[in-house]
Each structure stands twice: as C-alpha cells, then as structure tokens.
Amino acid sequence: MSALLVLTYDVHDLNRLTAYRERAHGPLANGGARLVSSTADTVHLAEADSTGSHTVVLEFADLETALDAYHSAEYQEVVGERWAATTPRVAMVVPVERK
C-alpha cells in the first residue's frame, strides 16, 4: 500500500523556498519519494478554511517509508528552511489502498 505525503503552505520567501527544494530533493529522493504534484494553483473548496497557496504531493512505497524519509536526519537538516520560507497549513501522510 503506497502512501502520499501532502504538504500545503503559504509562501512568503520564494527564494528561500527554492533553495530548500534544491536541498530537500536528495534526502526525499533517497527515501524513495516520487513527485506527484507541486503547484501554486491549489483550489480551495468551501467546506474548509484555506489550506495554503502551494501544495506538494509526494508518493512513497508505503507508510513506513514515507515516515522514515520525513523523519530522517538528512531531511530534518533542511526542513527548517521550508518552515522559515512558508506558513505551513497541512502536513500529513495518507496511506493509499489501491483495489
């Protein structure tokens, strides 16, 4: 069963976010991440408050792999850059059962 890491945020320092993305690519790719979507065109539905202007969705082989990649020392060394460049809104890992 694969798993999706879903991040949404508002960006207030695009240059710093770009630098974070360059640094985060290696640790996340080494953890098996596959980019599903990275967009500034997030559409909000009326049933919930805004979840941010940007959304990133990464797919991993399974829940454990996703959590291991997120909590890895290599990723934790760079994630602060994203937090400094954005206002995080949603960060979650969603197991995906395909039938």
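Results, tabulated for the structure shown:
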{"read-out": "Residue within region 3-17 that is closer than 18 Å to Val93 by Cα, without any contact (Cβ under 8 Å) to a residue 24 or more places away in the chain and not aliphatic (A, V, I, L, M) present", "value": "no"}
{"read-out": "Flag if Leu5 is out of contact with any helix residue (DSSP H, G or I) (no Cβ under 8 Å at 6 or more places or on another chain) and within 19 Å of Phe60 (Cβ to Cβ)", "value": "no"}
{"read-out": "Filter result (farther than 19 Å from Asn30 by Cα and of a type in the set (Val, Ile, Thr)) within region 74-99", "value": "Thr86, Thr87, Val90, Val94, Val96"}
{"read-out": "Some residue of region 36-53 being modelled with pLDDT of 95 or more and hydrophobic (A, V, I, L, M, F, W, C)", "value": "yes"}
{"read-out": "Within region 13-99, helices (runs of 4 or more DSSP H) holding 1 or more residues that are open to solvent by 40 Å² or more (accessible area, probe 1.4 Å) and touching a Leu at 6+ places or on another chain (Cβ under 7 Å)", "value": "63-71"}
{"read-out": "Count - residues of region 67-99 that are modelled with pLDDT under 95 and touching a Ser or Thr at 6+ places or on another chain (Cβ under 9 Å)", "value": "8"}
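The values are calculated or read from the model by the stated rules, or taken from the named source; none is laboratory data. Remember, predicted model here, so these are calculated numbers, not experimental data. Because the Cβ atoms are built from the backbone with ideal geometry, glycine has one as well, and the counts that use them run over all protein chains shown. All accessible areas refer to the heavy atoms of the entire protein, side chains included, with ligands and DNA or RNA removed. Shrake-Rupley method; radii C 1.70, N 1.55, O 1.52, S 1.80 Å.
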